[in-house]
Amino acid sequence: MADDDCCGVDEEQIRSAGYRRALWIVVILNVGYGVIELFGGFLANSQALKADALDFLGDGSITFLGLLAIGWSLAWRARSAFIQGIFLGLLGLWVLGSTILKSLTGTPVEAGLMGLFAFAALIVNLVAVLPLLPYRDGDANMRAVWLFSRNDAIGNAAVIIAAGLVALTSTRWPDLIVAFLIAALFLHSAWNILRDARGDIKVATSRETDPMTRETKPE
C-alpha cells in the first residue's frame with residue numbers, strides 16, 4: 001500500500017478510532033432518521049421533506065461505503081469517492097425530475113408536519129455533523145463524507161424556512177422551490193466530489209511506476 005502521507009493525506013487520521021466512530025455516528029443517525037423523515041414527507045405531502053430524507057438516506061449509505069474504504073489505498077479510496085459522486089448526482093437528477101412532476105399537481109402541503117419533521121432533522125444532523133468537523137479536509141473520500149453531511153444541514157434549514165412560507169402563503173410553491181434547490185445542491189456537490197476523486201486518482205496513478213509506492217487493491 002502506498003505511503004499517502006507524501007501527498008498531504010494524513011493516513012494516521014484516516015485510520016484513527018475517532019474517525020471510525022464519527023462515521024458510525026453519521027451512518028446510524030442518518031439512516032435511522034432518513035426513514036422517519038421519508039415517512040413524514042408522505043404524511044405532510046412535502047416534496048422538500050422527501051428530498052431531504054433522501055439526502056439523509058444517501059448520506060448514511062455513502063458514509064458506510066466510506067467507512068469500508070478506510071483501510072484502502074489512496075487510489076481505491078478515490079474510486080470509492082467517485083462512486084459517491086455519481087450516486088449523489090443521480091440522486092439530484094431524481095429529485096429534480098420528481099419535483100417537476102409534483103409541480104403539475106395541486107395537492108396541499110401540511111406545513112405544520114413539514115416544519116416539525118424538518119426541525120427534528122436539523123437537530124439530528126447537527127449531532128451527526130459535529131464529530132466530522134476535524135476530518136473535513138482529508139482525502140477525496142473524507143471530503144465526500146463531509147459534503148454529504150453539510151448538505152443535510154443546509155437542506156434541513158431550507159425545509160424549515162419553506163414550511164414557514166407554505167403556512168404564510170397557503171401555497172405549495174415554497175416547498176417545490178426548496179426541493180429544486182436541494183436537487184441543485186446535490187448536483188453541485190456531486191461535481192466537487194467527482195473533481196476531487198479524479199485529482200486523487202491522478203496522484204495515485206502517477207506513482208504506480210514506483211514499486212515502493214504502488215497502489216494495491218483492497219482485500
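The values are calculated or read from the model by the stated rules, or taken from the named source; none is laboratory data. This structure is a prediction, so every number in the text was calculated from the model and none was measured. Here the Cβ positions follow ideal geometry from the backbone for every residue, glycine too, while neighbour counts run over all protein chains shown.
What the table below lists for this structure:
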quantity: Residues (among the β-branched types (Val, Ile, Thr) and surrounded by fewer than 17 Cβ atoms within 10 Å (Cβ to Cβ)) located in the range 103-120; calculated: 105, 107
quantity: All positions within the range 144-179 that are among the aliphatic types (A, V, I, L, M) and at pLDDT below 75; calculated: 144, 145, 147
quantity: Verdict on residue 63 being farther than 21 Å from residue 26 by Cα, part of a helix (DSSP H, G or I) and β-branched (Val, Ile, Thr); calculated: no
quantity: Residues of the range 42-53 that turn out to be crowded, with 23+ Cβ neighbours inside 10 Å and either part of a helix (DSSP H, G or I) or basic (Lys, Arg) (or both), as a count; calculated: 8
quantity: Qualifying residue in the range 133-143 (condition: in contact with a Ser or Thr (Cβ under 6 Å, 6 or more places away or on another chain), at pLDDT below 80, crowded, with 16+ Cβ neighbours inside 10 Å and within 30 Å of residue 198 (Cβ to Cβ)); calculated: yes
quantity: Answer residue from the range 66-91, given it is polar (S, T, N, Q) and in a helix (DSSP H, G or I) and is nearest to the chain's Cα centre (by Cα) among those; calculated: 84
quantity: Subset of the range 92-121 that is farther than 20 Å from residue 34 by Cα and aliphatic (A, V, I, L, M) - its residue that is modelled with the highest pLDDT; calculated: 100
